[in-house]
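The values are calculated or read from the model by the stated rules, or taken from the named source; none is laboratory data. Small disclaimer: the values here were computed from a predicted structure and weren't measured. With ideal geometry, Cβ positions are generated from the backbone for all residues, glycine too; neighbour counts draw on all protein chains shown. Note: areas computed on protein heavy atoms with side chains; ligands, DNA, RNA excluded. Shrake-Rupley method; radii C 1.70, N 1.55, O 1.52, S 1.80 Å.
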Amino acid sequence: HPELSYAATIYHGLDLSELIFDVQGGEPLVFFGRMHRDKGAADAVRIARAAGRPLLLAGIVQDRRYFEEEVEPLLGGDVRYLGSVGPQERERLLGGALALLHPIHFDEPFGLSMAEAMACGTPVIAYNRGSVPEVVGSEGGFIVPEGDEAAAVRAVQAAVSFDRQAARARVERLFTVQRMAQEYLKVYQGMLS
């Protein structure tokens, strides 16, 4: 808001003990987010199919009409919808994936699933919207122009040889609960001075 004074940008912090690094990953792609047009679940299905990869979709159905009209008809065979998943399943899905597809159509304010995937070593393939360049950077995956499904397919192919340790290292440097707490304390101390 323009009338508020701005103190700092402090990234969300993850407890890395809950997101185990998987050096190998796996074959499937994963989509982890709300079933809503903004999040691009139908885009993810088209990208996965064009890349010849299985896709696991996980998340709540926020927009029933979008899900029933644009996502559900694409399910089957190599594309499965798992519904909402808990912490253990999240870690297994994200760590066991070749890449996280994040083809968003809105200015994502942070994108927690991107940081969680990178913590597991899984590269992110995302449309260039909102916080994506800040969160993913050059070490965390592949940033493609919004709507460019062909570029996303090329990124899926490149993900096969991606340095998964680089993604984990980015999270260890920028997105831990310890770093987040330290930065909040620094801001509070500055305000009190």
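Per residue, how large is the accessible surface of the chain? Use a 1.4 angstrom probe and give square angstrom. Mind dumping the intermediate values first?
On the way: 9580 Å² over 193 residues.
Accessible area per residue: 50 Å².
Tell me, what is the percent relative contact order of segment 62-166, built from C-alpha pairs under 8 Å that lie six or more residues apart?
Values: 128 pairs, mean separation 23.4, N = 105.
This gives 22 percent for segment 62-166.
Between Val85 and Ser193, what is the spin-label point distance in nm, taking each point 7 Å from the Cα along the Cα→C-beta axis?
With each label placed 7 Å out from Cα toward Cβ, I get 4.5 nm.
Taking the chain as the reference, fit the longest principal axis to its C-alpha atoms, fit the long axis of helix 164-174 to the helix C-alpha atoms, and give the angle between the two in degrees, 0 to 90, nearest 10.
Around 30 degrees separate the two axes.
Rounded, prolate or oblate: which one fits the chain, using the alpha carbon gyration tensor with axes a ≥ b ≥ c (rounded when a/c is under 1.5, else prolate when a/b beats b/c, else oblate)? Walk me through the intermediate numbers first.
Working: a/c = 1.89, a/b = 1.52, b/c = 1.24.
The shape class here is prolate.
Per the 1.4 Å probe, what fraction of the accessible area of segment 64-115, in percent, lies on carbon and sulfur atoms? Walk me through the numbers on the way to the answer.
Working: 1200 of 2500 Å².
That share works out to 48 percent.
If one puts a single equal scatterer on every Cα of segment 131-181 and applies the Debye formula without solvent, what log₁₀ I(q)/I(0) results at q = 0.23, 0.24, 0.25 Å⁻¹?
-0.89, -0.93, -0.98
If each of Met180 and Phe106 carries a label point 7 Å out from its Cα toward its Cβ, how far apart are those two points in nm?
2.0
Sort Glu139, Glu146, Glu27 from largest to smallest accessible area, using a 1.4 Å probe on the heavy atoms of the protein chains. The partial results should precede the final answer.
On the way: Glu139 60, Glu146 85, Glu27 120 Å².
Accessible-area ranking of Glu139, Glu146, Glu27, largest first: Glu27, Glu146, Glu139.
Set the Förster distance to 25 Å, then compute FRET efficiency between Ile10 and Ala166 from the Cβ-Cβ distance, nearest 0.05. Write down the numbers at each step before the final one.
Details: r = 23 Å, r/R0 = 0.92.
Efficiency, rounded to the nearest 0.05: 0.60.
Per-residue counts of other Cβ atoms within 10 Å, averaged by peptide: what ranking do you get for 115-128, 69-82, 50-63, highest first? Intermediate results must be reported in sequence, preceding the final value.
On the way: 115-128: 26.9, 69-82: 14.8, 50-63: 18.2.
My ranking of the peptides, most packed first, is 115-128, 50-63, 69-82.
At 1.4 Å probe size, with the rest of the protein present, what percent of the exposed accessible area of segment 140-193 is carbon and sulfur atoms?
Working: 1830 of 3190 Å².
Ligands and nucleic acids excluded, carbon and sulfur give 58 percent.
What share of Cα pairs, in percent, lie more than 17 angstrom apart in segment 71-124? All intermediate terms of the calculation are to be shown ahead of the outcome.
Numbers: 665 of 1431 pairs.
Value for segment 71-124 (Cα pairs over 17 Å): 46 percent.
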